[in-house]
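The values are calculated or read from the model by the stated rules, or taken from the named source; none is laboratory data. Keep in mind it's a predicted model, so treat the numbers as computed, not measured. Here the Cβ is made from the backbone with ideal geometry for all residues, glycine too, and neighbour counts use every protein chain on show.
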Amino acid sequence: MPFLNCKILSTILMLTLILGVLYCYIFQSYRVVVSFEKTEETPVGSSSGKSLVRGHDFNLVAPNHLQYKQPSIIHGRTDVVTVTPWLAPVVWEGTFNPVLLDSIYKQKNISIAVTVFAVGKYIMFLKNFLETAEQHFFVGFKVHVYVFTDRPKEVPEVKMAAGRKLIVSSVPSSNRWQEISARRMELIQILIEEKLQNYTDYIFCLDVDSKFHGRWGTESLGRLVAVIHPGYYRDDRSKFPYERRPASRAYVAPGEGDFYYCGGAFGGLLQEVHMLAKTCRSNFEADAREGIEAAWQEESHLNSYMWVNKPSKVLSPEYLWQDFKARNPEVHIIRFSGVVKNYAEIRPNV
Ligand code: UDP
Ligand code: MN
């Protein structure tokens, strides 16, 4: 009898042990899954992962039976780098299939907001900007262009296709172009908070003194999108015009920085651009309280932000060239470029 009891007891003990091990195993793997999902849904530096939950950036579902050119895994652009060290694509002509991408994003019924500032004499650039956007920017998609100006009566009449519209907001004039340029982050932040939440998926913030020459479309969509500045992309990082005074919140130390990005074009999912604008604005204002203005205003703050918060998609200088600059051989197409302007004539101060 004692012998039998002992046997039963040890069997019970063994079973408990096995069950315990099994429980731990299942519980642990469950925890791994949960924490993985959490990282995916909450982007670094973002207050909420709302837009990501909507999944626009992740589920790339192509329509069934779509026919397109076979992609190659061994042949492609070799004259340029098409991926960053953190594995974000760098978009150059020849790296994407526009037909495929458009059909993927058409099914998602996405909407895109654009912000453009035309304060003071910069209103003169708006007509060309808007007309060329109609020809090249997300053609066939829902696009809402938000114009900020102190001269609402001078906003040109531009015929826009179905699903596209212009929304004009009045902003105060300013005697300093630096202030106009820098206040953009604040107004973008407020626009997103007050008007765009729940209505827009992506937003692009663009300079008005520019025009479109070629396609800018769904290939540019991503969580956080930055454009490589055409003026510095062949240079060593020591030559990048980052803010170099440690006292500024836009400071980038020697030996740091990936690329030099444009302040004249950036974008991404609404929540991501909101975080970017909010951060740049508060850093800019904190600097101002201490009497510091970064070398290139919001462009400097954008560059220090992107150094930490890596963009998930990088657009090549095809996406913001400069008209005065001769085209380099690796640039097969210019999609958007800054027009030549006489600074003394159009800016309120020098
Ligand atoms: N801006 C404006 N009025 C001004 C100065 C600037 O509306 O008097 C806006 C405009 O959208 C412009 C942007 O701020 O495209 C950036 O300024 P700018 O284009 O002069 O800078 P750059 O591209 O020459 O560095
Ligand atoms: Mn500009």
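When you scan the stretch 149-170, do you find a residue that is over 20 Å from the mean Cα position of the chain (by Cα), surrounded by fewer than 17 Cβ atoms within 10 Å (Cβ to Cβ) and under 20 Å from Y319 (Cα atoms), even just one?
Scanning the stretch 149-170 turns up no residue that is over 20 Å from the mean Cα position of the chain (by Cα), surrounded by fewer than 17 Cβ atoms within 10 Å (Cβ to Cβ) and under 20 Å from Y319 (Cα atoms).
How about the stretch 191-225: which of its residues are out of contact with any Ser or Thr (no Cβ under 7 Å at 6 or more places or on another chain), away from ligand 1 (no atom under 16 Å from the Cβ) and not in a loop (DSSP other than H, G, I, E, B)?
I192, E193, E194, K195, L196, Y202, W216, T218, E219, S220, V225
Checking T200 against (1) within 16 Å of ligand 2 (Cβ to nearest atom); (2) β-branched (V, I, T); (3) within 20 Å of the chain's Cα centre (by Cα), only one condition comes out false. Which one?
Unmet for T200, out of (1) within 16 Å of ligand 2 (Cβ to nearest atom); (2) β-branched (V, I, T); (3) within 20 Å of the chain's Cα centre (by Cα): (1).
Restricting attention to the stretch 275-288, does a residue exist that is surrounded by fewer than 23 Cβ atoms within 10 Å (Cβ to Cβ), touching a strand residue (DSSP E or B) at 6+ places or on another chain (Cβ under 6 Å) and not in a loop (DSSP other than H, G, I, E, B)?
No, the stretch 275-288 has no match at all.
Six or more apart or on different chains, Cβ atoms under 9 Å: show the pairs whose first residue is in the stretch 283-305 and at positive phi and whose second is away from ligand 2 (no atom under 16 Å from the Cβ) and outside any loop (DSSP other than H, G, I, E, B).
Going by the 9 Å Cβ cut-off, the qualifying pairs are Q297/F284.
Could you tell me whether the stretch 138-151 includes any residue that is within 16 Å of ligand 2 (Cβ to nearest atom), in contact (Cβ under 8 Å) with a residue 60 or more places away in the chain, touching a strand residue (DSSP E or B) at 6+ places or on another chain (Cβ under 9 Å) and not hydrophobic (A, V, I, L, M, F, W, C)?
No, because not a single residue in the stretch 138-151 is within 16 Å of ligand 2 (Cβ to nearest atom), in contact (Cβ under 8 Å) with a residue 60 or more places away in the chain, touching a strand residue (DSSP E or B) at 6+ places or on another chain (Cβ under 9 Å) and not hydrophobic (A, V, I, L, M, F, W, C).
Name every residue in the stretch 236-256 that is assigned to a helix (DSSP H, G or I) and closer than 16 Å to E299 by Cβ, in order of residue number.
Within the stretch 236-256, R237, K239 meet the criteria.
Could you grab me the full set of residues in the stretch 186-213 that are buried (at least 17 other Cβ atoms within 10 Å of the Cβ) and among the basic types (K, R)?
Result: K211, single match.
May I ask you to list the residues in the stretch 298-350 that are small (G, A, S), part of a loop (DSSP other than H, G, I, E, B) and in contact with a helix residue (DSSP H, G or I) (Cβ under 9 Å, 6 or more places away or on another chain)?
S312
Give all pairs with beta carbons closer than 6 Å in which a residue from the stretch 99-118 that is more than 30 Å from Q70 (Cβ to Cβ) and away from ligand 1 (no atom under 16 Å from the Cβ) meets a residue that is acidic (D, E) and not in a strand (DSSP E or B); count only pairs at least 6 apart in sequence or on separate chains.
S111/D201
Mind listing whichever residues of the stretch 171-190 are more than 16 Å from the chain's Cα centre (by Cα), more than 10 Å from ligand 1 (Cβ to nearest atom) and at pLDDT 95 or above?
Within the stretch 171-190, E186, L187, I190 qualify.
Which condition from (1) more than 20 Å from T84 (Cβ to Cβ); (2) without any contact (Cβ under 8 Å) to a residue 60 or more places away in the chain; (3) small (G, A, S); (4) away from ligand 2 (no atom under 16 Å from the Cβ) is the one that G255 breaks?
It fails just one condition, (1).
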